Structures are given as C-alpha cells and as structure tokens.
Amino acid sequence: MKILVINAGSSSLKYQLLDMDDESVIAKGNCDRIGIGGHIKHTAADGRTIDVDCDFPTHTEAFEKLVEVLTTGEAAVIKSMDEINAVGHRIVQGAEIFNKTTLATDEVIQQIDDLAELAPVHNHPHALALRACKKVIPATTPQVVVFDTAFHATMPEKAFMFGMPYECYEKYHVRKYGFHGTSHRFVSQALADAMGKDIKDLKIVSCHLGNGSSITAVEGGKSIDTSMGFTPLDGVIMGTRSGCVDASAVTFIQNKLGLSPSEMSDYLNKKSGFLGISGVSSDARDLGAAAEEGNKRAKLALEMLRYEIKKYIGSYAAIMNGLDAVLFTGGIGENSDDLREDVCSNMEYLGIKIDKAANKGLRGKLAKISAPDSKVEVWVVPTNEELLIARDTKALVEGNL
Ligand code: AMP
C-alpha cells in the first residue's frame, strides 16, 4: 500500500510518498513559494532529483506539478496516481471537534476551515490544500486528516482550563489544546517499544525541542498535560516564540509600543524567543556558536531553554507521581548533546543520571543515554510525524482505527 503524506502551509506543500509494506520512503519533497512564484524540490529514494522554478499561483498548481513529477519525467516513482491508495494530511488544530484521525469529507474540510480563528497561520492553508488535493487527485483516493491536537484530547479539565472567566471557554473556546501531538504520540510509543515495555505501564516526559518546542507528560500512553497552550506560543522559549510570559507583560508592552493586537501577536511569535533575547538568530546552532565567542545574550537564551525544560520535567514528575523515562526529540533534542547533558545534570534527586559518553555524537539516532544505575531511563528518540500520519491513514482506510 502506498500513502502520500501532505504537510501544507500557506506557501508550501511538503510531501512524502511511503510504501507501507516496509514503511520506506519512495520519494519526498517540497513545493514552496506558492502564491509568490513557485519552486519544487523532489527527490526519489534512489537519489534522482528535480529542482526547478515553477508557477504556483495557488495550491492547485502545486498539486498538479506534484502529480507530474511523481508520475512522469526523470524522477518519476509511480506510473499513475491510481497506485496511491490514500492521502494523509497533517492538520494543526482540531479543537474539541476532532479528537481522532478522520476521513476528510467536504463537511470535515469546512469544519477545519471554520477553526481558522483558533489557528490563523495553519488551518485555512490546510483547508485550501485539502480542496486543491481533492480537485487534482482521483476522487476515488481517500483523503485522511491527522490532527496535531488530537493526542492531547485526553488532558483533564484541570490541566486544560485557564483561570479566566468560564465564558472564555464556553463562548470562545479558549483553553489549552496542545500541539506536536503527532510527534509526542510517535516518540512515546517508539520509546516504549525500545524499552520493551507496554506504554500503559509508563510515565514519560516527552521533550520535542526544535524551532517550535513542547513538552508533554504521557501517562499510560495518554497526554495528561503539555506545555503549549491555546496556540503553539505557550511553554518553553523557542526560536522566535516567547514561550510563557505573564499576560500583564503583554498588555503593558502593547500599550508602551502602541501595537495593534495582531502586531503584538507578531512580536511574541516572530520577534521573541532565541531571536529576541540574543538579537543574533532564532537558530540554536547559531546561538551555540555566538555563545562560544562570548556573546552573553546568546548564552542566556540557551540557558533559559535548559532551565525551563528542567522545570517541566520536575513538575510533570510531580503530577504523575513519578517518572519512568524522559525522551528528547526534534532538531535540538536529537542533535544537541550539550543541551541534553545540561538538562539531565543535577537531577539525581528525581532519579535521573545521564551517561555522558553514551550521550555524545548521536545525531538523531535512537539511543539510551542514561547511566545503568539511573532510576529513570533517558533516551533520544528520532521523531517521524510523516510515518505516524501514514500509519494512521492506512489504519483508517483499512477499517482498523
Ligand atoms: P526542527 O524545528 O525540529 O527542525 O529543529 C530546528 C532546530 O534544531 C534549530 O534551532 C537548529 O539549530 C537545531 N539543530 C539542528 N542541528 C543541531 C545541532 N547539531 N546542534 C544543536 N542544535 C541543532
């Protein structure tokens, strides 16, 4: 069975075609600059590549080009789109309407679009891409939607409510939704498999650390709390996002700088975080290099992240009454030995003891990095959201979900 996985943004369309018989990637790529030009980079598993400028006024033309490169030309991997059994789409916000993977009927696509107010950057582009995909890809091919928020639907009310008047929740649906759910679900299951344990018996803190970062308490395979909130702005400091700040600081600065609500939102989402603190870059590698050269604010930004992660691990151990494992994933979590070592140092009280040698140079490999006498196991678990979307899509079309 072949599954096409789509991760659409407002100006891009990332894709992977997977062979689910052995879960291998047949081809992958990205159509970007949609609406402002157009470009496709497509790579087949054997290395054949297409890298050309195109004309993509909308997502529809991008899908047409995708069909063309998959089926014809020098990097083709299939003869016809009929070989693709289903398409799985990543959707950021499913709110309280979608707590599981579902078939993308026209009504479902409209509901995803209607949720755009809760995820302005993501949901409308997802709906545009879904409609474009339905136009271009044979109508007989099922389209499936997998939600980033769905894994967190198990959070109890006391975890997802904010201490604001209840009408904020009832009338305006303001609550913690949590994000990165597809990743947290994938890595926590992969960790249980690697440990040889049933996930139902485990208390895990899952740290997904990348440009966007979130930390989740996974108890018995279920998310019971997570650091991102109403939007992916909350929680730990990120590349350009502030993470958690006192809401009064927001209204204070908005007033001081005379910003509109959407300008203030940009300030917190695009100009804050690593970039805002360091003034150097939003990229953790750049900050590491700047810190080594003595840049104090770059060093501070990196220290803030480490400190905040420690706090989440401690607080999630508290709400779960213990901890069996901590895992690191995402671009920073998988690659930054230093960060993992710093976060896991001085945590013996919680039963966490890192093996410094085992922690070095893993570059995204699945590995246990805790010392043999550590009560809590610590692991690096590479994430693979596309694979989870493909697995869910396969399971749904086969009637197993
Ligand atoms: P992601 O959003 O998961 O792709 O992660 C992107 C982040 O991972 C960026 O901040 C990168 O600087 C960071 N990253 C990638 N490789 C490394 C590395 N070797 N050491 C530290 N950070 C890294």
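Bear in mind these aren't lab numbers, they're just calculated from the coordinates by the rules spelled out. Note that the structure is a prediction, hence the values are computed from the model and not measured. Don't worry about glycine lacking a Cβ; one is built from the backbone with ideal geometry, like all the others, and counts go over all protein chains shown.
The alpha carbon gyration tensor of the stretch 1-117 gives principal lengths a ≥ b ≥ c with a/c of 1.5 or higher and a/b no greater than b/c, which makes the shape oblate. Counting only DSSP beta bridges whose two residues both lie in the chain, roughly 70 percent are antiparallel. Take the alpha carbon gyration tensor of the stretch 194-318, find the square roots of its eigenvalues, order them as a ≥ b ≥ c, and report rounded if a/c is under 1.5; if not, report prolate when a/b exceeds b/c, else oblate. In terms of gyration-tensor shape, oblate.
Fewest neighbouring Cβ atoms within 10 Å first, the residues Tyr177, Tyr172, Tyr316, Tyr15 line up as Tyr172, Tyr15, Tyr316, Tyr177.
Exposure proxy shown here: for Ser213, Ser262, Ser345, the number of other Cβ atoms within 10 Å sets the order, fewest to most, as Ser262, Ser345, Ser213. Using only alpha carbons, the chain has a radius of gyration to Kirkwood radius ratio (Rg to Rh) of 0.97. Counting Lys and Arg as +1 and Asp and Glu as -1 over every other residue whose Cβ lies under 13 Å from the Cβ of Arg175, the net charge comes to -3.
If R0 is 25 Å, the Cβ-Cβ spacing of Asp283 and Val245 corresponds to a FRET efficiency of close to 0.70.
Expressed in nm to one decimal, what extension gain is obtained for the pair Lys296 and Lys365 from 0.36 nm per residue of sequence separation less their Cα-Cα distance?
21.7 nm
Each label point was placed 7 Å from the Cα along the Cα-to-Cβ direction; for Lys375 and Asp82 their separation is 6.2 nm.
Quick check: the angle from helix 261-270's long axis to the longest principal axis of the chain, C-alpha only, nearest 10 degrees? It works out to around 80 degrees. Extension gain for the segment Leu401 to Glu303, taken as residue separation times 0.36 nm less the Cα-Cα distance, is 31.1 nm to one decimal.
Convex hull volume of the C-alpha atoms in the stretch 281-401, normalised per residue: 140 Å³.
In order along the stretch 230-245, the Karplus-derived 3J(HN,Hα) couplings, from 6.51 cos²θ - 1.76 cosθ + 1.60 at θ = phi - 60°, round to 4, 9, x, 8, 7, x, 7, 4, 10, x, 10, 9, 5, x, 5, 9 Hz, and Gly and Pro are given as x.
Among the GluC sites (Glu not before Pro) within the stretch 1-89, which fall in a DSSP loop and have no more than 14 other Cβ atoms within 10 Å of their own Cβ? In loop regions of the stretch 1-89 (DSSP not H, G, I, E or B), the sparsely surrounded GluC sites (Glu not before Pro) are Glu23, Glu74.
What is the stretch 145-212 by shape, rounded, prolate or oblate, if you read a ≥ b ≥ c off the alpha carbon gyration tensor as root eigenvalues and call it rounded for a/c under 1.5, prolate for a/b larger than b/c, and oblate otherwise? Note, shape of the stretch 145-212 comes out prolate. Among the aspartates and glutamates, which fall within straight-line cross-link reach of Lys296, defined as a Cα-Cα distance under 19 Å, with same-chain neighbours fewer than 8 residues apart omitted? Once the sequence-local aspartates and glutamates are set aside, what remains near Lys296 is Asp283, Asp286, Glu308, Asp338, Asp342. With the simple model of a label 7 Å out from the Cα in the direction of the Cβ, Asp201 to Lys135 spans 5.3 nm. Counting charges near Gly220 (Lys, Arg +1; Asp, Glu -1) among other residues having Cβ under 15 Å from its Cβ returns a value of 0. In this calculation the C-beta distance from Met161 to Tyr349 is compared with R0 = 35 Å, giving a FRET efficiency of 0.70. A crude spin-label estimate for the pair Lys14 and Lys356, with each label 7 Å from Cα along the Cβ direction, gives 3.5 nm.
When +1 charges are put on Lys and Arg Cβ atoms and -1 charges on Asp and Glu Cβ atoms, the dipole computed for the stretch 1-135 relative to its Cα centre reaches about 120 debye.
On the beta carbon distance between Asp193 and Lys171, with R0 = 41 Å, the FRET formula returns roughly 0.45.
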